[in-house]
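One structure is given below, encoded as structure tokens.
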Amino acid sequence: MRKRETWRLRRWWPFLLIVPAVLFFISFALGRYPVAPAELVRTLWQLVTGRTVEADPKMVTVLLNVRLPRVAVVLAVGAGMSMAGAAYQGMFRNPLVSPDILGATAGASFGAALALLSGQPASMVQLYAFVGGMTAVLAATYVERTVKTNPVLALVLGGMLIQALFNAGLSIIKYLSDPEETLPAIVFWLMGTFTDVKGRHILQVGVPLIIASILLFYNRQRLNVLTFSEEEARALGVNTKRVRRQVIAAGTLLTASSVSICGQIGWVGLIIPHLARSVAGPDYRQLLPVSAILGSSFLLICDTVCRNAFPVELPIGILTSVLGIPFFLIIFKRKAGSL
């Protein structure tokens, strides 16, 4: 089985490396300000090599100040959410787990809505959302400390309780919001969008992505062991409590930083790990990088469609749900047929 999965992955690697690069250039070329492929390649090459750019200044401004930050953030968010989902599904030993199981998305949504209700600027909305997501997960992990018999079940229970609590708080904020200005802003943020992405957001999502990726790749072998029972993992010498703490820290960083910038984007962290397993198998040494590549590619496709397929830009959270639900049903049907 291991040899078959290795051969299959080697067959897929060229495709996995080429497709994101192609999507990168397509996303740059398409938009309200279309750019010819040849002109795009020539301009990017001149920018990379440091030569004098012989192109329309408007096009250079659009590429560097609008599309480059957006494409970079979309790739980072897609990769981060997919890796978090893959790690959580292994840690919780449940294929239906997504990165928001511990309440990070609910906490971030509450924090962003609170900032919008109090009239905070965009930078503070992102800070409130990030702090809200981190606070929610910390509260969920506190429940685990009170239940000693089954720590995984305790985490799930804590996540459910915290999600319900923050969702109730979000409903209160919606009820108190101005229906003419504040409430539409909250609803639009909750649907997810990359419309307001700026250059500074690359660092805001890139730094957590690097830190979390290091934690996940450091524990990749231990994640393989965590897919067994708690007793088996401990018998193999794995400190399950410490590994769970590190995986939760990484997943929370990825989820909170992503949601704070772009709002709620569902299904990416749920369906992409399943697709990655069909390509790379269950070994986290291959599953994590493949999940990152497929997640970033999927989200970039969705963002490109949202920007270009409609007269006005469609919130990306709507499209990921429309595509994610039937895709997940197909995967679930295949999984059920193999049982």
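Any chance you could get the radius of gyration and Dmax over the Cα atoms of the range 24-177, in Å?
Using the Cα atoms of the range 24-177, the pair Rg, Dmax is 21.5, 67 Å.
Roughly speaking, what is the stretch gain from ASP196 to ALA309, that is 0.36 nm per residue apart minus the C-alpha to C-alpha distance, in nm to one decimal?
38.8 nm
Within the range 294-327, whose backbone N sits under 17 Å from a point 7 Å along Cα→Cβ of VAL22?
It comes to 294-302, 304-305, nothing else.
How big, on average over all directions, is the shadow cast by the Cα convex hull of the range 252-320, in nm²?
5.0
If you count only protein heavy atoms and use a 1.4 Å probe, how large is the accessible surface of ILE173, to the nearest 10 Å²?
Spelled out: ILE173, probe radius 1.4 Å, area about 10 Å².
With every protein chain left in place, what is the accessible area per residue of the range 252-314 in square angstrom, probe 1.4 Å?
26
Per Stokes-Einstein, at 25 °C and 0.890 mPa s, what whole-number D in µm² s⁻¹ belongs to the chain, with the Kirkwood radius over Cα pairs as the hydrodynamic radius?
Answer from the Stokes-Einstein relation: 117 µm²/s.
Calculate the FRET efficiency for GLU232 and ASP178 from the Cβ-Cβ distance with a Förster distance of 45 Å, rounded to the nearest 0.05.
So, using R0 = 45 Å, E works out to roughly 0.25.
Using only the alpha carbons of the range 16-105, what is the convex hull's orientation-averaged projected area in square nanometres?
8.0
In square nanometres, what is the average projected area of the Cα convex hull of the range 203-310?
7.6
In nanometres, what is the gap between the two model label sites at MET124 and ASN239, each 7 Å from Cα along Cα-to-Cβ?
Label at MET124, label at ASN239, 4.1 nm between them.
Give me the one-decimal nm value for the distance between modelled label points at PHE15 and ALA168, 7 Å along each residue's Cα-to-Cβ direction.
Those two pseudo-labels are separated by 4.8 nm.
Roughly how many nanometres apart are two label points built 7 Å out from the Cα toward the Cβ at VAL322 and ARG285?
The two pseudo-label positions are separated by 4.2 nm.
Using only alpha carbons, build the gyration tensor for the range 143-189 and give me the equivalent ellipsoid semi-axes, biggest first, whole Å.
34, 9, 5
I need the semi-axes of the equivalent ellipsoid of the range 261-301: take the C-alpha gyration tensor, multiply each eigenvalue by 5, square-root it, list largest first in whole angstrom.
Those come to 20, 9, 9 Å.
With 21 Å as the cut-off, how large is the P(r) tail for the range 91-228, expressed as percent of Cα-Cα pairs?
When every Cα pair of the range 91-228 is considered, 51 percent fall beyond 21 Å.
Mark the label point 7 Å from the Cα of VAL187 along Cα→Cβ and return the residues of the range 140-178 whose backbone N is within less than 19 Å of it.
Of the residues in the range 140-178, 167-178 have backbone N under 19 Å from the label point off VAL187.
In the full protein assembly as shown, how much of LYS241 is accessible to a 1.4 Å probe, in Å² to the nearest 10?
In the full protein context, LYS241 sits at about 120 Å².
Starting from the residue with the highest accessible area, list GLU232, GLU180 in decreasing order, probe 1.4 Å.
Result, largest first: GLU180, GLU232.
The values are calculated or read from the model by the stated rules, or taken from the named source; none is laboratory data. None of the values given here were measured: they were computed from a predicted structure. Glycine also receives a Cβ, built like all others from the backbone with ideal geometry; neighbour counts cover every protein chain displayed. These accessible areas exclude ligands, DNA and RNA; they are computed on the full protein's heavy atoms, side chains included. Shrake-Rupley method; radii C 1.70, N 1.55, O 1.52, S 1.80 Å.
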